[in-house]
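Asks: Have a look at this one before I ask anything.
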Amino acid sequence: MMFRRAFTILEALIVVAVFGLLATLAVLSLNSARASLRDAQRLSDISTMRAGLSQYWLEKATYPAAEGILVGQPGANKLSSAGFVDQTDPATPPYIQVLSPGPKANEYYRYRGSSNGYSIRFQTETRTELGQPNVYYAHASGIDQEDVDK
């Protein structure tokens, strides 16, 4: 009687377990890369908003006064000479034509400002040049963890 050489059930289970482990490691590294990309997008958005607010201040010698605007939502997705307005508003000049919301669904940057300064709240997911994952506030003078108008 001839026996054919084949894989045993145990060998097949070991191969499936190894592939499962490799797939899990790939997904985990992909998720951390995605979080890093979202943080890079947040920092880019904040930099753009700070530049637009600087232009606004240079022209008007004040910042847009507002309390708790969610930047990127309808009604606050353009920075013009009238402050934060809807993108269809004809107010000119537009300092920033399109203010984007945060990179995740239903994520917005919170702007609070007075004539003397502003703060823009955002939260990072991974370690960045700012430090550990945390809530940060952008101001005209820089980025820190103080929620005050600077």
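The values are calculated or read from the model by the stated rules, or taken from the named source; none is laboratory data. Quick caveat: nothing in here was measured; it's all calculated off a predicted structure. Every residue, glycine among them, receives a Cβ derived from its backbone with ideal geometry; neighbour counts consider all protein chains shown.
Asks: Out of ARG38, ARG42, ARG50, ARG4, report the one residue that is in contact with a His (Cβ under 9 Å, 6 or more places away or on another chain) and either part of a helix (DSSP H, G or I) or of a type in the set (Lys, Arg) (or both).
Replies: The conditions single out ARG50.
Asks: Does SER29 satisfy the criteria of being without any contact (Cβ under 8 Å) to a residue 60 or more places away in the chain, assigned to a helix (DSSP H, G or I), under 18 Å from TYR137 (Cα atoms) and not β-branched (Val, Ile, Thr)? Please lay out each step first, then the result.
Replies: Working: without any contact (Cβ under 8 Å) to a residue 60 or more places away in the chain: yes; assigned to a helix (DSSP H, G or I): yes; under 18 Å from TYR137 (Cα atoms): no; not β-branched (Val, Ile, Thr): yes.
So SER29 fails the test.
Asks: The conditions are (1) surrounded by 12 or more Cβ atoms within 10 Å (Cβ to Cβ); (2) under 20 Å from the mean Cα position of the chain (by Cα); (3) of a type outside the set (Val, Ile, Thr); (4) at pLDDT 90 or above, and ALA65 fails exactly one of them. Which is it?
Replies: Among (1) surrounded by 12 or more Cβ atoms within 10 Å (Cβ to Cβ); (2) under 20 Å from the mean Cα position of the chain (by Cα); (3) of a type outside the set (Val, Ile, Thr); (4) at pLDDT 90 or above, ALA65 violates only (2).
Asks: Which strands (runs of 3 or more DSSP E) sit wholly inside segment 72-150 and have at least 1 residues that are among the hydroxyl-bearing types (Ser, Thr, Tyr) and exposed (fewer than 15 other Cβ atoms within 10 Å of the Cβ)?
Replies: Those strands (runs of 3 or more DSSP E) span 109-114.
Asks: Right, something else. Can you tell me which residues in segment 99-146 are touching a Lys or Arg at 6+ places or on another chain (Cβ under 7 Å), of a type in the set (Ser, Thr, Tyr) and under 25 Å from LYS60 (Cβ atoms)?
Replies: TYR109, TYR118, SER119, TYR137, SER141, listed by residue number.
Asks: Looking at segment 30-40, can you tell me whether even one residue there is more than 16 Å from the chain's Cα centre (by Cα) and loosely packed, with under 13 Cβ neighbours inside 10 Å?
Replies: Within segment 30-40 (the criterion being more than 16 Å from the chain's Cα centre (by Cα) and loosely packed, with under 13 Cβ neighbours inside 10 Å), the answer is yes, since at least one residue qualifies.
Asks: Sticking with this one: Condition check: closer than 16 Å to SER54 by Cα, of a type in the set (Ser, Thr, Tyr) and out of contact with any strand residue (DSSP E or B) (no Cβ under 7 Å at 6 or more places or on another chain). Does SER119 satisfy that?
Replies: no
Asks: Among THR24, THR62, THR88, THR92, which is the only one that is touching a residue at least 40 places away in the same chain (Cβ under 8 Å), hydroxyl-bearing (Ser, Thr, Tyr) and over 18 Å from TYR108 (Cβ atoms)?
Replies: None of the other options fit; the residue is THR62.
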